[in-house]
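Take a look at the following structure, please.
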Amino acid sequence: MKTHVIVFPGSNCDRDVAVAIQNIIGSSPEMVWHKDSTIKQSDLIVVPGGFSYGDYLRCGAMASASPIMKSVIENANKGVPVMGICNGFQILIESGLLQGALIRNSSLSFICRDIIIKPTNTKTIFTNKSKISKMPIAHNEGNYFANSNQIKEIEDNDQIAFQYCDENGDINAHSNPNGSINNIAGVFNKSKNVLGMMPHPERAAESIHGCDDGRNIFESLLS
Amino acid sequence: MLAKIHITLKKDVLDPQGSVIANSLKSLGFDNVNDVRQGKFIELEINSNSKEEAEKQCNDMCEKLLANLVIEDYSVEIEN
Amino acid sequence: MTSSNWQFDTEKLLVESHGLKLDEFEKIVQGLGREPNLTELGIFSAMWNEHCSYKSSKYWLKKLPTSGERVIQGPGENAGVIDIDDGDVAVFKMESHNHPSFLEPYQGAATGVGGILRDVFTMGARPVANMNALRFGDPNHPKTKHLVSGVVGGIGGYGNCIGIPTVGGEVNFHPSYNGNILVNAMTVGIAKKDKIFYSAAAGIGNPVVYVGSKTGRDGIHGATMASAEFDDDSEEKKPTVQVGDPFTEKLLLEACLELMKEDAIIAIQDMGAAGLTSSSIEMASKGNVGIDINLSKVPLRAANMTAYELMLSESQERMLMVIQPKKEELARSIFKKWDLEFEIIGEVTDTKKLILHMDGEEQASIPINILVEDAPEYQRDYIVNDPSPLISFESKDFEDKDILSDLLKMISHPNLCSRKWIWEQYDHMVMADTVVRPGSDAAVVRVHGTNKGIAISTDCSPTYCRHNPYEGGKHAVVETWRNIVASGAEPIAITDCMNFGNPEKPEIMGQFVECIRGMGDACSKLNYPVISGNVSLYNETNGEGIYPTPAIGGVGLIKDLSNTMTIGFKNEGNVLCLIGESDNHLGNSHYLSIIQNREDGGTPSINLDDELKNGKFILDCVTKKLLKSVHDVGEGGVLIAIAEMCISGNLGIKIDITKDFLHGFFFGEDQARYLVEVSPNKLEQIEVDASKSAVKIERIGEIGGTSISINSIGEIELSSLIDHHTKWFNEF
């Protein structure tokens, strides 16, 4: 599998996700600097977490305007799998590949902790091996918002990827860490080849992480 | 009355957000942008007998809570 | 700006406003053979202040042990370096940012983190973990909550953005910090042994390069002075607190590490306190050379800056380097790629002087040795007060039935309650190498790509230090040592952050001297040297000094991560044992302060032989895989430690013991003790081993259930314990 990880100034989970891809998918990804303008052929493009451009102005806003994003969008439109994690999710939203917005956590503070998510649609390239999974979140702006029309649209199209839930898989207010509407932790585009998610599967990818549930997302891509 | 309060970093304090915004604007082709300073805008409705009194109160709010004068300046504008 | 005709009064005012004494000024005149101009005076003031010159503390700091078989670099560089096998080294240091954090808690704490990160990556290390040691005033003081929120926000804001995990730390509250909080930040980095970078400039004619952010009028001091050079709005021009820019620092980190892979850097120094002044002088002094700088080349953020301002600016996220002339273009291209300033501002010379030019005119010319070797050094007068007397407490004055309600009160107190609210605001998992997260005895991070780890702990008990600075100094060192042992790591070395009041007061100086003596004894005995550190004096408000606070950051090595220990109970049916002697020491304990609102009774004394013996025993048991969990018995005593193990592992315990003085046993703060979880089939072996090593071991109870129950006293549900433990911060 030919994989690419985009590196923006301020990306800081680029190495972590590259290690996870190497360990699980078995090939080391090509790291693509944001000033490069094209990705020729790819089987997976990852937009990693971090604080691209310091998260200044609005998370993901500046990164979405950087040269490489044109090529990411072109690839996405051709059907290449594109995955945005955390800040990567924010960038994919700002670039218009995904719907909605990510606003400040309802607690108004940064949250770093393990949460549990449940795949809402397991028929996609990213989630065909997914189950109820524990993995960390680490963000200040992960509160997913969309207006009621948009929510209806993404629900009708099975575009919700993951929802925050408790150990039993119940989706309730108690298990919602950041105030996301309908506990939404991740969404797809209409054709389900673009995934954005706030939790960090690459931080739950080997036994020393205390949990390796994050592997199933990368394993899904293999099948 | 409506009070409009602008809080900005003092002129000589580094504004990291401002400089990154300026660079991004330039890279989008807005070449004539020289400098960007960003800050906070607070709008508040206040019951007061006079504009002067409202302004005085807002100044007080800025000094006590809304701004940190070690690094920030503020300005207050009152509208009826 | 040169003026040699100052009126005496003006001159005196000018000298004093630069924090220099008149006899120090005389020394400058003698050394130069003339009066300094204003720029030169500013340079001397920056180099000879307490922060850069250690003039009150140097004599005493030299008494600390600083070498050991794993020590590669001791104090004196940007950070210390230890060998962690396989050609890897760990680079670390702790530094204070107290005053700015009190004025502007968010930015003060943020720039504190930024500064210590630079100290570490300047050495060629990639930072892998941030830690901190924080002291705030009385929890009920009106400013405390605002300061806590700001400082925590700032530490998280900077560390999260740059992408270095903040893996732990410590926080306490005491009224002595009401007007002077302490923010001590520590960074640990990993480098290759053959790729460590130092600050000694070398190679006459080699270019001196400025990289990073532009220079503005940040943090310029000596400012209340003669009005001639500053106009009316000069207050607006001279902010004393800088705004941190973690994004630029991230770029600087990556650019520096990228350039370090090339054979291009001869010397590198972070521009921290006193910016361009201390960095250039440090490099010249270490290399025994001179440096010429053309200040007109310095990248500016503000217009019309003077030589004085340029030399004293403390703008953040800047570095000074001496590079190989042939690699200039390569270096420039790397910094350009990362959108950072790169400017050749001077060159290395053989004059052994710092010579500054600006707009074609000479602005300063100072022999380096006058600035460094001739810097004032004081042996200040000191008085050592008698330690607070020990009080022996007796069982008859306590009601056994209160034990569980006392436990609840103690575990809900700000000094003992859960810090989860704090560390959940820190990204403690970025870099995906965090093995033990915050909330255990020591944090553990994996050395990337290996199966070994670094254990880190910060600690200090200022109350102990206040009532007995010698034992308190020993305690701060020993507590981190024990925390590291309890995580399964071999303790290696420490960094220290010496926060004290005004050293010109003999009793404060006495606290400093005694704390150092205690630390030195502990470090020597435990073979646990000091490899870096920082001194912060004059921490006073209205003439009232803070409690003596020698914060210690300890680092250890776990050679095989499968031996990592955590505090949480693991399995029902296992047995909890206490290692070490208990002697009911309730003096200056958390029990006394929280339940009886008293601060007396004396600091527990520390038997270093017992510490060494018991610690070695624990590590031996870890290697033999005899232990399931380990927790050091620290603040609050045995019962608090047991409660923390229950909460962390979400398992209860049935405590079954017979003691004459239950409060003394459960809440006494005797030292050199650990609680260990042992599976029943290993119990006999560990007891035999303990007796062979002359280590005291006693069974405390059986792990299991959902409550803590104490024979003959009663029980308390874990859920209630957790509610009390998390209440204070949850209502923040």
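The values are calculated or read from the model by the stated rules, or taken from the named source; none is laboratory data. Just so you know, these numbers come straight off a predicted model, no measurement behind them. Positions of Cβ are backbone-derived with ideal geometry, glycine not excepted, and every protein chain shown enters the neighbour counts. We work out accessible area using only protein heavy atoms, side chains counted, and drop any ligands, DNA or RNA first. Shrake-Rupley method; radii C 1.70, N 1.55, O 1.52, S 1.80 Å.
For the residue pair C:D339 and C:N730, what label-to-label distance in nm results when each label sits 7 Å from Cα along the Cα-to-beta-carbon direction?
About 4.3 nm, to one decimal.
Might you work out the accessible area of C:S691 for me, using a 1.4 Å probe with all protein chains in place, and round it to the nearest 10 Å²?
Its accessible surface works out to 90 Å², give or take rounding.
With each pseudo-label sitting 7 Å past Cα toward Cβ, what's the C:S365-A:K123 distance in nm, one decimal?
Between C:S365 and A:K123, the label points sit 8.5 nm apart.
Chains B and A: what accessible area do they bury, summed, in square angstrom to the nearest 100, with a 1.4 Å probe?
500 Å²
Sticking with this structure for a sec: Excluding ligands, DNA and RNA, what is the accessible area buried between chains C and B, summed over both sides, using a 1.4 Å probe, to the nearest 100 Å²? Don't skip to the answer; put the middle values down first.
Working: alone 26900 and 5840 Å², together 31440 Å².
For chain C against chain B, roughly 1300 Å² becomes buried.
Set the Förster distance to 22 Å, then compute FRET efficiency between C:D600 and C:N502 from the Cβ-Cβ distance, nearest 0.05.
The value I calculate is 0.30.
Would you kindly give the portion of the calculated P(r) for the range C:411-543 that falls above 28 Å, as a percent of all Cα pairs?
The share of Cα pairs beyond 28 Å in the range C:411-543 comes to 27 percent.
Something else about it: Of all the accessible heavy-atom surface of the protein assembly as shown, with the other protein chains kept in place and a 1.4 Å probe, what percent is carbon and sulfur?
The value for the protein assembly as shown is 46 percent carbon and sulfur by accessible area.
Along the Cα-to-Cβ line of C:S405, 7 Å from the Cα, sits a label point; which residues in the range C:632-650 have backbone N less than 20 Å from it?
Residues C:639-640 qualify, since their backbone N sits under 20 Å from the label point.
While we're looking at this one, here's another question. Run the helix sum for chain C: -39,500 (n - 2.57) per DSSP H stretch of 4+ residues, divided by residue count, reported at 222 nm to the nearest 500 deg cm²/dmol.
Calculated from helices alone, the mean residue ellipticity at 222 nm is -10500 deg cm²/dmol.
Among the residues of the range A:177-223, which ones have their accessible area go down by 20 Å² or more when all the protein chains sit together, as opposed to their chain alone (1.4 Å probe)?
Flagged in the range A:177-223: A:R203, A:E206, A:I208, A:H209.
Okay, next question. State, to one decimal in nm, how far the label point of C:E50 lies from the label point of A:N77, with both points 7 Å from Cα in the Cβ direction.
6.5 nm
Can you tell me how much longer the chain between C:D397 and C:K625 gets when fully stretched, taken as 0.36 nm per residue apart minus their C-alpha distance, in nm with one decimal?
77.9 nm
To continue, here is another question. Give me the distance between the Cα centres of the range C:499-532 and the range C:126-151, rounded to whole Å.
So the separation of the two Cα centres works out to 24 Å.
Taking only the alpha-carbon positions of the range A:3-222 and ignoring solvent, what does the Debye formula give for the base-10 log of I(q)/I(0) at q = 0.15, 0.17, 0.19 Å⁻¹?
Once normalised to I(0) and log-transformed, intensities are -0.89, -1.20, -1.57.
Keeping all protein chains in the complex and leaving out DNA, RNA and ligands, what accessible area do you get for C:I265 with a 1.4 Å probe, in Å² to the nearest 10?
About 20 Å², rounded to the nearest 10.
Just to confirm my numbers, what's the Cα centroid distance between the range C:442-475 and the range A:90-166 in Å?
Result: 39 Å between the Cα centres.
Could you tell me which residue out of C:M260, C:G115, C:P127 lies farthest along the dipole of the protein assembly as shown toward its positive end? Charges go on the beta carbon: Lys and Arg +1, Asp and Glu -1, centred on the Cα centre.
Working it through, the farthest residue towards the positive pole turns out to be C:M260.
Can you work out the accessible area per residue across chain C, with the rest of the protein chains kept in place, probe 1.4 Å, in square angstrom?
Spelled out: the 1.4 Å probe surface of chain C, per residue, equals 34 Å².
Return the sequence-ordered ³J(HN,Hα) values of the range C:37-51 in whole Hz as given by the Karplus equation 6.51 cos²θ - 1.76 cosθ + 1.60 applied to θ = phi - 60°, using x for Gly and Pro.
Here the 3J(HN,Hα) series is 7, 4, 4, 5, 4, x, 5, 4, 4, 5, 6, 9, 6, 4, 4 Hz.
Relative contact order of chain C, please, whole-number percent, based on alpha carbon pairs below 8 angstrom and at least 6 residues apart.
Normalised by residue count, the contact order of chain C is 15 percent.
Relative to the longest principal axis of the C-alpha atoms of chain C, give the angle of the C-alpha long axis of helix C:469-486, reported between 0 and 90° and rounded to the nearest 10°.
In chain C, helix C:469-486 runs at an angle near 70 degrees to the longest axis.
Considering only C-alpha atoms, what is the centroid distance from the range C:31-77 to the range C:290-347, in Å?
Answer, in whole Å: 24.
Name the long-range amide H neighbours of C:I266: under 5 Å, sequence gap of 5 or more, or other chain; modelled H, no Pro or chain starts.
Excluding prolines and chain starts, which carry no amide H, the hits are C:V322, C:I323, C:Q324.
Can you tell me the orientation of helix C:105-121 relative to chain C, as the angle in degrees between its alpha-carbon axis and the longest Cα principal axis, to the nearest 10?
Approximately 80 degrees, to the nearest 10.
Once ligands and nucleic acids are excluded and a 1.4 Å probe is used, how much of C:K505 is accessible, expressed in Å² to the nearest 10?
Rounded to the nearest 10, the figure is 60 Å².
Total accessible area buried between chains C and A, 1.4 Å probe, in Å² to the nearest 100?
2300 Å²
Sort C:R217, A:R215 by heavy-atom solvent-accessible area, probe 1.4 angstrom, most to least.
On the way: C:R217 15, A:R215 60 Å².
Final ranking, largest accessible area leading: A:R215, C:R217.
Over the range B:2-79, give the accessible area per residue in Å² for a 1.4 Å probe, as an integer.
Solvent-accessible surface per residue comes out at 61 Å².
Looking at this model, which pairs from C:K613/C:K682; B:K26/B:K64; A:K134/C:K727; C:K62/C:K143 are more than 32 angstrom apart at the alpha-carbon?
B:K26/B:K64; C:K62/C:K143, as the Cα separations exceed 32 Å there.
If each DSSP helix of 4+ residues adds -39,500 (n - 2.57) and the sum is divided by the residues in chain A, what number results at 222 nm, nearest 500 deg cm²/dmol?
The helix contribution divided over chain A gives -6000 deg cm²/dmol.
Right, something else. Angle between the Cα long axis of helix B:16-27 and the longest principal axis of chain B, 0 to 90 degrees, nearest 10?
Here the helix axis deviates by roughly 50 degrees.
May I ask which residue of C:I323, C:G346, C:Y308 lies farthest towards the positive end of the charge dipole of the range C:292-351, with charges of +1 (Lys, Arg) and -1 (Asp, Glu) on Cβ and the Cα centre as origin?
Farthest towards the positive pole: C:I323.
Tabulate in residue order the Karplus-calculated ³J(HN,Hα) for the range A:207-223, using 6.51 cos²θ - 1.76 cosθ + 1.60 with θ = phi - 60°, rounded to whole Hz; enter x for Gly and Pro.
Each residue of the range A:207-223 in turn: 4, 5, 6, x, 5, 10, 4, x, 4, 4, 5, 5, 5, 4, 5, 6, 8 Hz.
Can you give me the convex hull volume of the Cα atoms of the range B:2-79, divided per residue and expressed in Å³?
Dividing the Cα hull volume of the range B:2-79 by its residue count gives 102 Å³.
A further question follows. Report which residues of the range C:157-185 become buried by 40 Å² or more of accessible surface when going from the isolated chain to the complete set of protein chains (1.4 Å probe; DNA, RNA and ligands ignored).
Buried on complex formation: C:N160, C:C161.
Rank C:S582, C:S279 by accessible area, highest first, at a 1.4 Å probe radius?
Final ranking, largest accessible area leading: C:S582, C:S279.
Further question: For chain C, just the Cα atoms, rotate onto the principal axes and tell me the three extents in Å, largest first.
Answer, in whole Å and largest first: 86, 53, 44 Å.
Would you please give the FRET efficiency between A:I181 and B:E45, computed as 1/(1 + (r/R0)^6) with r the Cβ-Cβ distance and R0 = 41 Å, to the nearest 0.05?
My answer for the efficiency is 0.90.
Okay, moving on. For C:N681, project a label point 7 Å along Cα to C-beta. Then give me every residue of the range C:571-589 with its amide nitrogen under 18 Å of that point.
C:571-576
Along the positive direction of the dipole of the protein assembly as shown (beta-carbon charges: Lys, Arg +1; Asp, Glu -1; about the Cα centre), which of A:A63, A:N193, C:V444 reaches farthest?
A:N193
As a test of reading the structure, rank C:R126, C:R118 by solvent-accessible area (1.4 Å probe, protein chains only), most first.
Largest accessible area first, the list is C:R126, C:R118.
Over the range A:73-203, give the accessible area per residue in Å² for a 1.4 Å probe, as an integer.
Value returned for the range A:73-203: 38 Å² of accessible area per residue.
Amide H neighbours of C:L557 under 5 Å, counting only residues 5+ apart in sequence or on other chains, H built in-plane at 1.01 Å?
Amide H neighbours of C:L557: C:A455, C:E490, C:I492.
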